[in-house]
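Single-structure report; data block below.
The values are calculated or read from the model by the stated rules, or taken from the named source; none is laboratory data. Since this is a predicted model, take the numbers as computed values, not measurements. Methodologically, a virtual Cβ is constructed for each residue, glycine included, from the backbone with ideal geometry; neighbour enumeration extends over all protein chains shown. Calculation scope for accessible area: heavy atoms of the full protein, side chains included, ligands and nucleic acids excluded. Shrake-Rupley method; radii C 1.70, N 1.55, O 1.52, S 1.80 Å.
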Amino acid sequence: MILHLKKNISELQVKQVAEIHEGVMFYDAKRWVVVTSSSIKKPLKETQEFIEEFIETETDIQLAGKKYLTETRSVKWGNIEIGGNSNNTVMMAGPCAVESESQIMESAEFIASMGIKTFRAGAFKPRTSPYTFQGLGMQGLELLDKVRSRFGLSIITEVKNLSHAQQVLDVADIIQIGAKAMYDVSVLELCGASKKPVLIKRGFGTTLQEFVQAAEFVLCKGNPNVILCERGIRTFETKTRFTFDLCGAAYLKHYTNLPVVLDPSHAMGYSYGVPDLAKASMAFGCDGILIEVHPTPSKAKSDASQQLDFPTFTKLMGDLKTIGGAVGKQLV
Ligand code: PEP
Ligand code: MN
């Protein structure tokens, strides 16, 4: 249940309402809000004088639910808007990781030359083996900061754990919480205390309910700027790296009020399939597409098999614009 509290009540009274219902409180720029477990269906009698309105919810998908907000939330960075009243499909492209100054500058120059405004690359890489490249860490973040000032690109980069979360928050325009980190409540809560856009990737063994509840951890700390990203889930199939769950994405679009980004690169795992899946994502009408692009994919230090080279990506951008025209979406 979501409670909107009356304008004139004190913070102490809000605390009391939250405590009585064992709920969470935050200020949403207009008013105090208390969110309780969805199993509570009505405010308790002794708090009724403080409550303006209440919204009953069926599950703990509450602040992210269409029942609460019927329109998709608008999230902004730089001059870019995702969701809201825009018909934008935001391209977030760049290499998997920051590997060196020359690699990241060459990548950023190419991405900027394509008219893209949002550049992706990881400095803290959540790898499945400790013996592989783990990212350049702080040095990578500094290079991304350079990319922003040199090319005017907005930066999306991932946070792996709490040890460097504040540093990522300081540098990134959009914080990416990866498929593995999305269960880390302390990272989610820290991002909730900020107002920066947060893109949460679905874990590969995560149900849609759990995925959206991860978003709830950020929303209920008072950060409304949350974006969801489908990046493939694990199924019995092994020929592709993961299975791109477009059914899940359709569910998110229908039942949640958060912008939905699709990531065909990590889902497929092999570059040969990425352009077709990206085109399907555009036709799907998603709010954003995340694609890995590298100057020399075969030499990439992470996710080498799935990154697109520049000529393939250039051709894909043309195709995506054509498809966008047919489905009323603008690629930005
Ligand atoms: C990435 O975006 O490079 C990445 C590691 O993604 P995921 O968390 O989805 O595996
Ligand atoms: Mn990657």
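Residues being in a helix (DSSP H, G or I) and within 16 Å of ligand 1 (Cβ to nearest atom): count how many of those fall in the stretch 251-272.
Here the count works out to 7.
How many of the residues making up the stretch 134-153 are over 18 Å from L290 (Cα atoms) and in a loop (DSSP other than H, G, I, E, B)? Residues in the stretch 134-153 being over 18 Å from L290 (Cα atoms) and in a loop (DSSP other than H, G, I, E, B): 5 in total. Is it true that Q166 is more than 16 Å from ligand 2 (Cβ to nearest atom), assigned by TED's automatic domain parsing to the domain that holds K201 and under 18 Å from the mean Cα position of the chain (by Cα)? Yes, satisfied. One residue is enough: does the stretch 118-133 have a residue meeting the conditions in contact with a helix residue (DSSP H, G or I) (Cβ under 7 Å, 6 or more places away or on another chain), at pLDDT 95 or above and in a helix (DSSP H, G or I)? No: zero hits.
Scanning the stretch 159-183 for residues that are open to solvent by 60 Å² or more (accessible area, probe 1.4 Å) and touching a residue at least 40 places away in the same chain (Cβ under 8 Å) yields one hit, K180.
Inspect the stretch 154-177 for any residue being farther than 21 Å from I289 by Cα, touching a helix residue (DSSP H, G or I) at 6+ places or on another chain (Cβ under 8 Å) and among the acidic types (D, E) and give the result as yes or no. No: the stretch 154-177 contains no residue that is farther than 21 Å from I289 by Cα, touching a helix residue (DSSP H, G or I) at 6+ places or on another chain (Cβ under 8 Å) and among the acidic types (D, E).
A Cβ distance below 7 Å, combined with a sequence gap of six or more or placement on separate chains, defines the contacts here; from the stretch 274-302, residues that are open to solvent by 10 Å² or more (accessible area, probe 1.4 Å) reach residues that are basic (K, R) in the pairs G285/K329.
All of (1) more than 16 Å from ligand 2 (Cβ to nearest atom); (2) surrounded by fewer than 14 Cβ atoms within 10 Å (Cβ to Cβ) hold for T128 with one exception: (1).
Candidates T70, T89: the one that is loosely packed, with under 15 Cβ neighbours inside 10 Å and either assigned to a loop (DSSP other than H, G, I, E, B) or away from ligand 1 (no atom under 16 Å from the Cβ) (or both) is T70. Identify, please: which residue in the stretch 94-113 is assigned to a loop (DSSP other than H, G, I, E, B) and in contact with a strand residue (DSSP E or B) (Cβ under 8 Å, 6 or more places away or on another chain) and is, among those, farthest from ligand 2 (Cβ to nearest atom)? Going through the qualifying residues, I end up with V98. Which ones in the stretch 273-306 are away from ligand 1 (no atom under 16 Å from the Cβ), assigned to a loop (DSSP other than H, G, I, E, B) and within 21 Å of the chain's Cα centre (by Cα)? Those that are away from ligand 1 (no atom under 16 Å from the Cβ), assigned to a loop (DSSP other than H, G, I, E, B) and within 21 Å of the chain's Cα centre (by Cα): G285, D287.
The residue that is surrounded by the fewest Cβ atoms within 10 Å (Cβ to Cβ), counting only those in the stretch 200-244 that are charged (D, E, K, R) and outside any loop (DSSP other than H, G, I, E, B), is E210.
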